[in-house]
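Take a look at the structure below.
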Amino acid sequence: PGLVGKTRLIYPHWEGGRVRYFSGRNILGSENNQDGRVIKSFNLPSALVGKRWLFYNQVYGRKAESCVAVEGQADAVTLGQWNISAAAICGTSWEDHADELRELRKRHATIYIGLDGDDAGLKALHGQRNEWPLADILGPMARVLVWGDLPNEDANG
């Protein structure tokens, strides 16, 4: 539901050579959902497909030395074009990915956190009380990336 007839990119989430999940991102700006809330991305209902999945880019490998945790799927794809392993949280709500993020910490010697530089990305990074919860989950060797000199930047500029 919601995938056909919308102006959004659809991202297949692969595991073991099979598509296991789909997520989408609006390409012509935000839209309002049925509750009137503004949304930029779309995830299938969990009752239909289960919990959300991280999106791993086209060069991601479990044995890569490092990995960049980014906010959006397009950021992960861009990093893949630069031959950099990345996993997208698919938004700023990372709490339901906590177990998968802990797995990233086990797999990779270095984790980079590269969320968007907008208010939502900074809030997800800093936490409610400036406790840096993502850095806590990803470990003491996690490094925070800043994408540029201007606010609101991400891996795509």
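The values are calculated or read from the model by the stated rules, or taken from the named source; none is laboratory data. Model, not experiment: these values are computed from the prediction. Ideal geometry is used to build each Cβ from the backbone, glycine not excepted, and the neighbour counts take in all protein chains shown. Accessible surface is based on the protein model in full, side chains and every heavy atom, while ligands, DNA and RNA are left aside. Shrake-Rupley method; radii C 1.70, N 1.55, O 1.52, S 1.80 Å.
With protein chains left intact and a 1.4 Å probe, residues in the stretch 10-144 average 56 Å² of accessible area per residue.
What helices does the chain have that are whole DSSP H segments, at least 18 Å long along their own axis by Cα, and with mean Kyte-Doolittle hydropathy of 1.6 or more?
Helices meeting the span and hydropathy rule in the chain: none at all.
Under the classification rounded if a/c is under 1.5, otherwise prolate if a/b is larger than b/c and oblate if not, where does the stretch 110-157 fall, given a ≥ b ≥ c as square roots of the Cα gyration tensor eigenvalues?
Verdict is oblate for the stretch 110-157.
Placing a pseudo-label 7 Å from each Cα along the Cα-to-Cβ vector at Glu153 and Trp82 gives an inter-label distance of 1.0 nm. If R0 is 25 Å, the Cβ-Cβ spacing of Ala64 and Thr7 corresponds to a FRET efficiency of close to 0.15. Rolling a 1.4 Å probe over the protein heavy atoms of the chain, with every protein chain left in place, gives an accessible area that is 52 percent carbon and sulfur.
Could you check the simple spin-label distance between Arg143 and Asn26, using points 7 Å along Cα→Cβ, in nm with one decimal? Those two pseudo-labels are separated by 3.6 nm. When the surface is traced with a 1.4 Å probe over the full set of protein chains, Asp99 keeps roughly 110 Å² accessible.
Of all DSSP beta bridges confined to the chain, the antiparallel ones make up roughly 60%.
Contact order for the chain, expressed relative to its length and based on alpha carbon pairs under 8 Å spaced 6+ residues apart, stands at 17 percent. This structure gives P(r) over Cα pairs in 10 Å bins from 0, in percent, computed directly, and of (i) 11, 40, 37, 12, 0; (ii) 10, 34, 33, 18, 5, 1; (iii) 11, 42, 38, 8, 0 that value is listed as (i). Estimated at 0.36 nm per residue, the fully extended path between Lys51 and Gln128 surpasses their Cα-Cα distance by 25.4 nm. Taking amide H positions as modeled 1.01 Å from N, with prolines and chain starts lacking one, the residues under 5 Å from Tyr21 and 5 or more places away or on another chain are His13.
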